[in-house]
Amino acid sequence: MVITICTTIKFWPQVLEVKKQLEEMGHEVLIPPHEVKNKQGDLIPVEEYYKLRREMMDKDGQEHDWIWQRKKEAINCHFEKVDKADVILVLNYEKNGIDNYIGGNVLLEIGLAFWLGKPIYFMNPIPQTLSYTEELKGMQPIVINGDLTLIK
């Protein structure tokens, strides 16, 4: 089965561990991009890109358009992986004091998977403190509570 992992980049160590476990179970695993091109076109770690993006958030001007072009490219790249997958697996852990955190990009990816009719698995329960908790519940993900064997 092809499984696309959807998650925030903060959980990168967990992405690598879960990917390894799923591959050992015989699955093909697609993961978020971990490198993007900087303004000069050189590949940089996504964490470095996020740092640059945060610094540019409050600044205007076309010299920063590359930041948003890379964001667009990353969204499209992962949407293609969601489309290719048989199922998606959302890795949702604690982030910034929010249990089972799911961010904006992951919400978009879950919405795409839902619209495409793909099964949606959450590693942990639906977060209860987000403004879009009801939307997450409405897409009826399957919560596996860390048990990867439940992905069918």
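The values are calculated or read from the model by the stated rules, or taken from the named source; none is laboratory data. The shown structure was predicted, so the numbers you read here are calculated from the model rather than taken from an experiment. When we count neighbours, we look across all protein chains shown, and the Cβ atoms used for this are built from the backbone with ideal geometry, even at glycine.
Only one of D83, D65 is under 24 Å from M139 (Cα atoms), exposed (fewer than 13 other Cβ atoms within 10 Å of the Cβ) and charged (D, E, K, R); which? Give the derivation first.
Details: D65 fails: under 24 Å from M139 (Cα atoms).
None of the other options fit; the residue is D83.
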Every residue in the range 26-45 that is at pLDDT 95 or above, out of contact with any helix residue (DSSP H, G or I) (no Cβ under 7 Å at 6 or more places or on another chain) and not small (G, A, S), please.
H27, E28
Of all residues in the range 1-40, how many are buried (at least 18 other Cβ atoms within 10 Å of the Cβ), within 16 Å of Y121 (Cβ to Cβ) and among the polar types (S, T, N, Q)?
2
Which condition number in (1) exposed (fewer than 15 other Cβ atoms within 10 Å of the Cβ); (2) of a type outside the set (D, E, K, R); (3) closer than 26 Å to Q140 by Cβ; (4) touching a strand residue (DSSP E or B) at 6+ places or on another chain (Cβ under 7 Å) is the one that L43 fails?
(3)
Please find, within the range 117-152, the residue that is nearest to H27 (Cα to Cα) out of those that are among the small types (G, A, S) and not in a helix (DSSP H, G or I).
G146
Among the residues listed as Y101, Y50, the single one being among the hydroxyl-bearing types (S, T, Y) and modelled with pLDDT under 95:
Y50
List pairs: first residue in the range 32-53 and within 14 Å of W12 (Cβ to Cβ) and touching a residue at least 40 places away in the same chain (Cβ under 8 Å), second residue among the hydrophobic types (A, V, I, L, M, F, W, C) and not in a strand (DSSP E or B) anywhere in the structure, Cβ distance under 7 angstrom, at least six positions apart or on different chains.
P32/I9; P33/V46; P33/A74; P33/C77; Y50/I9
Consider N92 carefully, then state whether it is on the phi > 0 side of the Ramachandran plot and at pLDDT 95 or above.
no
